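Here is the structure we will look at.
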Amino acid sequence: MNDMTLLERGVQTDDIKISARNVEVFYGDTHAIKNVNVEIQDKTVTAFIGPSGCGKSTFLRCINRMNDTIDICRVKGDILLDGEDIYDPKVDPVQLRAKVGMVFQKPNPFPKSIYDNVAYGPKIHGLARNKAELDEIVERALRRGAIWDEVKDRLHSPGTGLSGGQQQRLCIARAVATEPEVLLMDEPCSALDPIATAQVEELIDELRQDYSVVIVTHSMQQAARVSQKTAFFHLGTLVEYGATDRIFTSPEDPRTESYITGRIG
Amino acid sequence: MSDATSGGAVPAAGSRRHGSILQLDARTKKRNAKEARFRAYGLGAIIIGLVFLVTLLTAIVSNGVGAFQQTFIEVPVYLDPQKLDKTGNRDAAEMAKVSTFGYTPLIQQGLLDLVDREGIDAPFEKAGDMKALISASAAAKVRDYVLANPDALGETRGFELLASSRVDGYLKGRVTQESVERDRNISAEHLQLADALREIGAIRKGFNSEFIFGADASESRAEQAGIGVAILGSFFMMLVVLAFSLPIGVAASIYLEEFAPKNRLTDLIEVNISNLAAVPSIVFGILGLAVFIEFAHLPQSAPLVGGLVLTLMTLPTIIISTRASLKAVPPSIRDAALGIGASKMQSVFHHVLPLAAPGILTGTIIGLAQALGETAPLLLIGMVGYIATNYPDGISSGFLDPNSAMPAQIYEWAKRADPAYYERAWGGIIILLVFLLTMNIIAIILRRRFERRW
């Protein structure tokens, strides 16, 4: 059934992009993530749902090692990206984050021009040989971020002057400008109004053509709308993981059922 | 939801709620009175502060403004070639052998002749009686002129010379004919003569640029003393402070704030930096004496050493303010940079530091201003000496030659016996405050200009 749904949407998703095995995360003495095993497919939108504090954001931040920036955070277990352990001592998290981009809960454009916001990533990664190439990358990224038409006439005005929804799409454009393979989104719509949310959701669905997208969301409707796979987290454990349609129609675990029917969370 | 509230069993609260809103109830009245009282206290505090500020500024300006005015005497001096160039061949080396003692009688004679010519009735017959009117610095001025223009020998030239500090004080009202009764340097007759000379225009008050640009002078020549060389000393010290404390302070703060692991050691460092900011500055002075002068054998009284000592003192201020402005940059900016694969250093230098720059600059300028006004550590490294030399020639001597600094110079003047120096101390404070005010204004402008929103 899972395959059927995805085939209907016309995307090939057999490959496993990210595979987590026995992942445990500790914040100091707090055991935030307990033994999570999950396989995330390529060219698929995977949604992490669950009540606040269940560890879904923490787990998301493990995938591009953003948790390294938190001193007291320790991660155990293996997370494989294309079969390579991202917690291998030989891995430089900076190089990893160029492959695994991230969009944050609150739109956080740099206080620079729209152009510079998008061009920054390609610049530091040396993706453009000259100005013309950079211009092209910026335009392509802004088009992918579905914001090109709105900003093409004011590329050099500050990114912070855009509306919330535009800022978030700018951040998505900024993230895709570095040509990542995986895009992590931490509640990307929680600061947006319904119209902006709809635009971003549409964008996420398009991004699935090229990327493996992992999205953390509080809204079950959003998970149902944009994702093909859903993982339900509760109190630091992965309770249930499967095709979105199945999770929302016939959850196996009683906790999942309670959550999606509104009894916990 | 509980029974107690839903039952409506609280009639007291109910009745109060139903009172008219046009009538203040007792509680509201009390609350408003409290607020009014607090506002009055606050207003009172501000008024007291303002009164003190106004008093202070008035005192400084009224006491110090005199230092910017000085009394000059216009004296026609006959440059006698018999006395100034005994060999008669206008040889510069020979002429230089005549010291200022050779010039003094000529100047005094010139003034006496002027008095006679103008028919002023004065009980003075000897040229030496004029000594009390003219500054001891006059001879040097005439001598410098003659050495520069040997052709003037044999002619009578008019010189605008400084009047002695007593005469200057008399014109400014500091000295009166009664107050000089027991003064051995000057008599009431001299002051009467000064009045007469003033009437014919030979004595007048003028703007005293020497006070701003000149060097310090000896105890008996208050009229000649200026703060210029001390300003230069302060300037070179500030260069040293800026060159050392800004890079060291900013590098230390960035490391501590962005890179250092948070553990016992960094906690300890943090506490110590905060404590250092509160250490009395004289402690830094004695540290500088021990380390820079006695151990490293750097020259005494040099702006380089003064600057190093003040660097020690300024560092904590700069580190604390830099860390505060780094902390004020929202973490979302760091996340954004890291999230697209920037390294820690790129995220700090490309994004965090530019946003923190206005705060860092403001902190640095405030630290510099603090250092500029610091006196105590300079006492200990000898930067409070009597520096009557002229300007240091060249950059290296600017850093290494003995010099004073503005606050040290003011302190030095305030210590001296001649009341003329008291006025100069206040005048020096005006100049110091002008510098501090300028620095603070620059800090405000920088903050306004580079402030960005996110």
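The values are calculated or read from the model by the stated rules, or taken from the named source; none is laboratory data. Keep in mind it's a predicted model, so treat the numbers as computed, not measured. Here Cβ is always computed from backbone atoms with ideal geometry, including for glycine, and neighbour counts include all displayed protein chains. Heavy atoms of the whole protein, side chains included, go into the accessibility calculation; ligands, DNA and RNA do not. Shrake-Rupley method; radii C 1.70, N 1.55, O 1.52, S 1.80 Å.
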Taking Cα atoms only, helix B:264-277 is inclined relative to the longest principal axis of chain B by an angle, in degrees rounded to 10, of 40
Quick one: accessible area per residue over chain A, 1.4 Å probe, rounded to a whole number of Å²? 43
Taking A:Tyr120, B:Tyr255 and ranking on accessible area (1.4 Å, protein atoms only), highest first, one gets B:Tyr255, A:Tyr120
Selection of trypsin sites (Lys or Arg not before Pro), region B:260-357, meeting DSSP coil and at most 11 other Cβ within 10 Å: B:Lys262
Mind pulling the per residue volume of the convex hull built on the Cα atoms of chain A? Å³ is fine. 130
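Over the whole of A:98-105, what's the average partner chain Cβ count within 10 Å per residue? Rounded to a whole number, please.
3
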Largest to smallest principal axis extent of the C-alpha atoms in the protein assembly as shown, angstrom: 127, 79, 53
For region B:121-130, just list the computed ³J(HN,Hα) in residue order, Karplus coefficients 6.51, -1.76 and 1.60, θ = phi - 60°, integers in Hz, with x standing in for Gly and Pro. 7, 9, x, 10, 10, 8, 4, x, 5, 7
Using only the alpha-carbon atoms, how far is helix A:114-125 inclined from the longest principal axis of chain A? Give it as 0 to 90 degrees, nearest 10. 70
Please give the net charge around A:Gly28, taking every other residue with its beta carbon less than 12 angstrom from that of A:Gly28, where Lys and Arg add +1 and Asp and Glu add -1. 0
Alpha-carbon Rg with Dmax, taken over region B:72-206, Å: 15.5, 50
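For region A:17-260, which whole percent of the accessible surface, found with a 1.4 angstrom probe, sits on carbon and sulfur atoms?
47
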Helix-only estimate, please: 222 nm mean residue ellipticity of the protein assembly as shown, summing -39500 (n - 2.57) across DSSP H runs of length 4 or more and dividing by its residues, to the nearest 500. -16000 deg cm²/dmol
Accessible surface of region B:72-206, 1.4 Å probe, proportion on carbon and sulfur as whole %: 46
Hey, can you rank B:217-223, B:404-410 by average C-beta count inside 10 Å, highest first? B:404-410, B:217-223
Å² of accessible area per residue within region B:72-206, as computed with a 1.4 Å probe and no ligands counted: 52
Mean other chain Cβ within 10 Å across A:118-131 is 2
Could you work out how far helix B:419-450 tilts from the main Cα principal axis of chain B, as a 0 to 90 degree angle to the nearest 10? 40
Which whole-Hz ³J(HN,Hα) couplings does region B:228-238 yield from phi under the Karplus relation 6.51 cos²θ - 1.76 cosθ + 1.60, θ = phi - 60°, glycine and proline marked x? x, 5, 5, 4, 5, x, 4, 4, 5, 4, 5
Simple spin-label estimate for B:Ala26/B:Phe295, 7 Å along Cα→Cβ, in nm, reads 7.1
Taking amide H positions as placed 1.01 Å from N in the peptide plane, with prolines and chain starts having none, which residues 5 or more places from B:Gln69, or on another chain, fall under 5 Å of its amide H? B:Asn208
Please compute the net charge surrounding B:Ala132, taking Lys and Arg as +1 and Asp and Glu as -1 over other residues with Cβ under 13 Å from its Cβ. -1
Once you place label points 7 Å from the Cα toward the Cβ at A:Glu24 and A:Arg129, how far apart are they in nm? 5.1
Quickly rank B:144-151, B:20-27 as a protection proxy: mean count of other C-beta atoms within 10 Å, highest first. B:144-151, B:20-27
Using the Cα gyration tensor of region B:239-288, with a ≥ b ≥ c the square roots of its eigenvalues, what is the shape: rounded (a/c below 1.5), prolate (a/b larger than b/c) or oblate (neither)? oblate
Please compute how much accessible surface disappears when B pairs with A, both sides summed, using a 1.4 Å probe, and round it to the nearest 100 Å². 1700
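Rg/Rh for region B:228-450: what does it come to with C-alpha atoms and Rh from Kirkwood?
1.05
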Ratio of chain B's C-alpha Rg to 2.2 N^0.38 Å, to two decimals? 1.45
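Order of A:241-252, B:93-104, A:223-234 by packing, highest average Cβ count within 10 Å first?
A:223-234, A:241-252, B:93-104
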Residues whose built amide H sits under 5 Å from the amide H of A:Val239, excluding neighbours closer than 5 in sequence, are A:Phe232, A:Phe233, A:His234
Each residue of region B:209-220 in order: what ³J(HN,Hα) in whole Hz does its phi give by Karplus 6.51 cos²θ - 1.76 cosθ + 1.60, θ = phi - 60°, with x for Gly and Pro? 5, 4, 5, 7, 10, x, 9, 5, 10, 6, 4, 8
How much accessible surface area, in Å² rounded to 10, belongs to the heavy atoms of A:Cys189 with a 1.4 Å probe? 10
Over the Cα atoms of region A:12-107 the radius of gyration and the largest Cα-Cα distance (Dmax), both in Å, equal 13.1, 42
Going by Cα centres, region B:108-143 and region B:265-326 are how many Å apart? 54
Please compute the Cα-Cα pair-distance distribution of region A:97-196 with 5 Å bins starting at 0, giving whole percents from short to long. 3, 15, 26, 27, 19, 8, 2, 1
Taking the Cα centre as origin and putting +1 on Lys and Arg beta-carbons and -1 on Asp and Glu beta-carbons, what dipole magnitude results for the protein assembly as shown, to the nearest 20 debye? 1940
Mind checking B:328-339 for the average number of partner chain beta-carbons within 10 Å of each residue's beta-carbon? 6
